[in-house]
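Written out below as structure tokens is the structure these notes cover.
What follows is calculated from the coordinates using simple rules that are stated; it is not laboratory data. Here the structure is a predicted model, which is why all the values come from computation and not from measurement. Positions of Cβ are backbone-derived with ideal geometry, glycine not excepted, and every protein chain shown enters the neighbour counts.
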Amino acid sequence: MKRRLPSLLAAITLAATPALAMSDGDLRAAVEQRFKGDRTRACIAAAVIDNGAAAKAYVCADAKSQRPLDDYTAFEVGSVSKPITAALLAELAALGEITLDDPLAKLLPAGMVVPSFEGRQITIRHIVTHTSGLPRAPSQWGPAKNPMNPFADLTERDLIGALAETKLTRAPGSQWEYSNFAMMVLSYALAKRSGKDFETLLRERLLAPLGMNDTYVARRPPRVRLAQGHLGNGMPWIPWDFPVDMAGVGGVRATLPDMVRFLEGQLGSRESTITPALARTQQLVSSVGRRMGMGWFIGSIAGGRTIVWHDGATGAFTSFVAFDRAAKRAVVLLSDTSLIATGGLDTLGVHLLDPSVPAGAPRIAATADAKLIDALAGRYRLLPIGLGIDLRRKGNTLTTQADAQPEFQMGYDSAGDFYPLLFDALLRPKRRADGSYTFTWFQGGAALEAERIGAPVPVAGKWTPTEAQLKDYDGNYLAPGFALRVFSTGAKLFIQAASHGVLEVAAVEEDTFVAEAIGAEIGFERDGNGKVSALRLRQNGQVLRGERR
């Protein structure tokens, strides 16, 4: 499903401009720009709807891939199931059977216990906007019987018991916290209220009216085949299974053409009995922590344009859908590979809505600088879980070993991140203003900050530039979707992006500076005459290069 709400735009980007109509070839080229040669070897099914016309493409990072992807290939869409589920709720609301401010208990079978906080009840609005106070997953469930398929063994009894035993720590509606548990409860409630299992309800009320005949939960249509899923290192992985009545949280499987039909319904260009309910889900219903519709995130890009979106991930699949209803434009991306550790499909998806936003670049396997490996080596604690982990240099590679676990060799890629060769995770180095390193560990949807235990590796010869040397960097640096002003004042160097404040950067070595506050490293390039000619901004797993103008 989904780990956290990502930033749709990098911290330093240009304002976006309106997109142009896209052909199948244009779409293929855009996806290849991001994924051709990518170390994950992911395959992507992509579509862009523009004013009624749809472009489609199936692209694999490895051009020699034999994966049989076509219009009858289904993908696990993960948390994109949530706005699909919310459409069923919106239809109930349109019929006057419920309101968003009704208590959750009204949707549930009689006798089910729903937690409250100091007399304040959880409402339906709280469930669909992740403000219920219910946790991401109940602690009562404990470790899954099969971590490779973590939801397969849950039962109705588990759900009912966990809901009754949950203790809220704050008032519903007071804080945003992403909750898969809350959406499981909603899926279950809708099924029980209808008297049908969730898959039957979904097919009758949404899939059949929209012509989504190849979308399913457990009952796969005869002509459809489920794609083989993969971890982020290319290793094949098993599908995730959900109890049918809880599948509204992340158990929907869909083909690319069916997701196009779903988005046509969202844009209002595919008429059906449920189309008005789809429009209702897009309306703003909460601004607590995040702007939320019913199961949708609501964001904006330059010019005040509103986009509605959701992304998703299971153990071996990744998805992203978004649309700009006013512009009659939408995008859907489905991958047969878990890309959660490397940031998902969000950046590419926003690029396809507006090409002035950078698409990102492929992550190509590379060789890490020995100095970087040596600077990272040491003992750390991963926060907030407190797990100890050792980083070591073995030859020209980095290895990691968490307490009571085997030692694993790490690869390195062109985005500047390390990754285990045998499982799906990512280690992102973070340089501090004093030149030392720490890192963030990404795995299973979590981002854990590393705290070094003991003294860091001494930084040899930290560079202290003169005022005259800092003047060498002054200027404007430009690239598509990227603009940065660099200027010096006295013995300090500053950066400023369009529509962002001024940040001081610290010199760590000649031509290399760090903006620790935003986790960015800026390296300057020189031409054959020794003049500064470009910079490279490394931030959030992206590397952007800007020419000096």
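General remarks:
- Relative to the dominant Cα principal axis of the chain, helix 24-35 is inclined by about 60°.
- Placing dummy labels 7 Å off each Cα toward the beta-carbon, the span from Thr367 to Ala53 is 4.8 nm.
- Sites Met235 and Ala208, calculated FRET efficiency, Cβ-Cβ separation with R0 41 Å, nearest 0.05: 0.65
- The average projected area of the stretch 467-548, computed from the convex hull of its Cα atoms over all directions, is 5.3 nm².
- Divide the volume of the convex hull around the Cα atoms of the chain by the residue count and you get 163 Å³ per residue.
- The slack between Gln409 and Ala534, meaning 0.36 nm per residue of separation minus the straight C-alpha distance, is 41.6 nm.
- Rg and Dmax of the stretch 173-270, both derived from C-alpha coordinates alone, stand at 15.2, 47 Å.
- Acute angle (nearest 10 degrees) that the helix 256-267 long axis makes with the longest principal axis of the chain, alpha-carbon atoms: 80
- For the stretch 512-528, the residues whose backbone nitrogen is under 20 Å from a point 7 Å from the Cα of Thr489, taken along Cα to Cβ, are 513-518.
- Of the chymotrypsin sites (Phe, Trp or Tyr not before Pro) found in the stretch 458-549, those in coil by DSSP whose Cβ has at most 16 other Cβ atoms within 10 Å are Trp463.
- Semi-axes of the equivalent ellipsoid for the stretch 92-246, computed as √(5λ) from the eigenvalues of its C-alpha gyration tensor and ordered from largest down, come to 28, 22, 14 Å.
- Residues Thr438, Thr123, Thr215 arranged by fewest to most Cβ contacts within 10 Å: Thr438, Thr123, Thr215
- Residues Gln283 and Thr200, FRET efficiency given R0 of 30 Å [Cβ-Cβ distance, rounded to 0.05]: 0.60
- When each of the peptides 228-234, 116-122, 308-314, 431-437 is scored by the mean number of other C-beta atoms lying within 10 Å of its residues, the order from highest to lowest reads 308-314, 228-234, 431-437, 116-122.
- Percentage of interatomic Cα-Cα distances in the stretch 365-453 larger than 18 Å: 37
- Shape class for the stretch 221-261: oblate, because the ratio a/c of the largest to smallest gyration tensor axis (alpha-carbon atoms, square roots of eigenvalues) is 1.5 or more and b/c is at least a/b.
- Highest-first arrangement of 23-29, 217-223, 77-83, where packing means the average Cβ count within 10 Å: 77-83, 23-29, 217-223
- The stretch 22-123 - Kirkwood radius from inverse mean 1/r over Cα pairs (Å): 17.9
- Directionally averaged shadow of the stretch 304-417, computed from the convex hull of its alpha-carbon atoms, nm²: 9.8
- For the chain, the longest principal axis of the C-alpha atoms and the axis of helix 156-165 are separated by about 70°.
- Segment Asp71-Glu525, extension gain: residue separation times 0.36 nm, minus the distance between their alpha carbons: 158.9 nm
- Net charge contributed by nearby residues that have their C-beta within less than 12 Å of Ala370 (K/R +1, D/E -1): +1
- Loop GluC sites (Glu not before Pro), the stretch 444-544 (other Cβ atoms within 10 Å of the site Cβ: 14 or fewer; DSSP): Glu510
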